[in-house]
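Taking it in order: structure first as structure tokens, then the write-up.
The values are calculated or read from the model by the stated rules, or taken from the named source; none is laboratory data. Treat the numbers as computed from the prediction; the structure is a model and nothing was measured. Virtual Cβ from ideal backbone geometry, glycine too; neighbours counted across all protein chains shown.
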Amino acid sequence: FTPAELSAIRADFPLLTRTVRDGKPLVYLDSAATSQKPDPVLDTEQDFYLHRNAAVHRGAHHVAEEATDAFEGARAHIAQFVGADTDELIWTSGATTAINIVAYGIQNATLGRGGAAAQRFAIQPGDTIVVTETEHHANLIPWQELAHRTGATLHWISVDDNGRLRTEELATVVTERTKILAFTHASNVTGAITDVAAFVARAREVGALTVLDACQSVPHLPVNFHELGVDFAAFSGHKMLGPTGVGMLYGRRELLEALPPVLFGGSMVEVVTMTDTTFMPPPQRFEAGTQPVAQAVALGAAAQYLHEIGMDRVYAHEQELARQLLTVSEVPGVTVIGPTDTHNRLAVVSFTVDGVHAHDVGQILDDAGIAVRVGHHCAQPLHRRFGIASTSRASASIYTTTDEITTFVESLATVQAFFGVSTH
Ligand code: PMP
């Protein structure tokens, strides 16, 4: 972005103008946890409540029709944005729910629900489910649980010392017994982007289903699920400039048609008797109960906002920020967990400071107005792999400036000086 373009973008985000800790400008470097929201998203959500609020799909009145149009229009916008057909996208409360819907749907198929068509998903004892060592707990624990409940075994692709997935392990870890290959598109800890094509190719060779955690990719790079060729994918609204409480599950149409639903109630049924029920086709059959309608409509606005700027340009901007963030690896005593090259990565950098606990790093940075995340970032196994319990993580987004990153990198010296561990 030109400086003028970046200023215009920042002017759309009201929260970025606030100060913290006695008047210090906020340097928000926690966008991998949740992004800030631009005016068009905030306005769309409020406009919905002010002018269009009604129950969707049910009401036979004018406002309900407008609400339904806004809700379904948002689904269509997002479908275009992520390269999916409109009826291949299911509203959920977030990525965690989306991944659990797939895991529980497979469990229901294994229990014999969903008829003959669902049997393609059934898991036998001795089958394997493969994940990666870099997964967020949201794309690990649902598969651990499914393995426990079906007698399947969980295996994983490991990471190398640079924090990159050892893609070559696909040839041996993924076998004819593998039913599911669940993996992240980009790590929320290391920022490393996965070679999705290699994962999809191997899964196809053995007939395994692919489940992509696209939480960190959809907000930061051009993503097209049809082109990636994955079977299922999950992402969250709040990380892509949208509201909390809404996310989406993508599934290839023929798979969604065969997968048994997991949540039951209103809005997903055709005929209900006292003993049995037939379900609507997807996506509605996975959308039991009242959906987060205002949030969904606002998420449509977030996708529009990103689309208008252009995801190629967003990625290019964040590549520059990544390059600059990685200069922390040159600070003596600072160790970056994950790749330190700018190739195939996001502007997400997790690091340790020798002699200083991550929580203390976070606190000293916070005193300077700099917001980072500290802890295990919901990826305990990855931290264990590197022999550490916690890291500090700085992560950027569309609105982050190079000046902010300079402030952050310079402040690390203050952290070291405060704790008397400076190696300068
Ligand atoms: N996967 C990744 C890679 C994430 O970064 C996150 C959010 N931290 C999730 C899954 C879970 O998303 P949510 O909490 O919005 O369901």
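Considering only residues in region 99-130 that are among the small types (Gly, Ala, Ser) and without any contact (Cβ under 8 Å) to a residue 12 or more places away in the chain, the one that is farthest from Gly251 (Cα to Cα) turns out to be Gly112. Of the helices (runs of 4 or more DSSP H) lying entirely inside region 193-262, those carrying at least 1 residues that are at pLDDT 95 or above, over 25 Å from Asp341 (Cβ atoms) and of a type in the set (Val, Ile, Thr) are 196-206. On inspection, Ile123 does not qualify as surrounded by fewer than 24 Cβ atoms within 10 Å (Cβ to Cβ) and within 16 Å of the ligand (Cβ to nearest atom).
Among the residues making up region 183-235, those that are more than 16 Å from the ligand (Cβ to nearest atom) and under 17 Å from Glu133 (Cβ atoms) are Asp195, Ala198, Arg202. For first residues located in region 318-341 and closer than 13 Å to Asp161 by Cα and in contact (Cβ under 8 Å) with a residue 60 or more places away in the chain, partners that are acidic (Asp, Glu) and surrounded by fewer than 22 Cβ atoms within 10 Å (Cβ to Cβ) and lie 6+ apart or on another chain with Cβ distances below 6 Å do not occur. Taken over region 376-394, the residue count meeting the criterion of being farther than 24 Å from Ile157 by Cβ and free of Cβ contacts under 8 Å to residues at least 60 places away in the same chain is 1. Of the strands (runs of 3 or more DSSP E) lying entirely inside region 335-424, those containing at least 3 residues that are of a type in the set (S, T, N, Q) are 391-395. Taken over region 367-387, the residue count meeting the criterion of being farther than 18 Å from Gln216 by Cβ and out of contact with any strand residue (DSSP E or B) (no Cβ under 8 Å at 6 or more places or on another chain) is 3. The single residue among Phe235, Phe264, Phe286, Phe279 that is within 20 Å of the chain's Cα centre (by Cα) and either surrounded by fewer than 20 Cβ atoms within 10 Å (Cβ to Cβ) or within 30 Å of Phe408 (Cα to Cα) (or both) turns out to be Phe235. When Pro40 is tested against (1) within 27 Å of the chain's Cα centre (by Cα); (2) in a loop (DSSP other than H, G, I, E, B), just one condition goes unmet, and that condition is (2).
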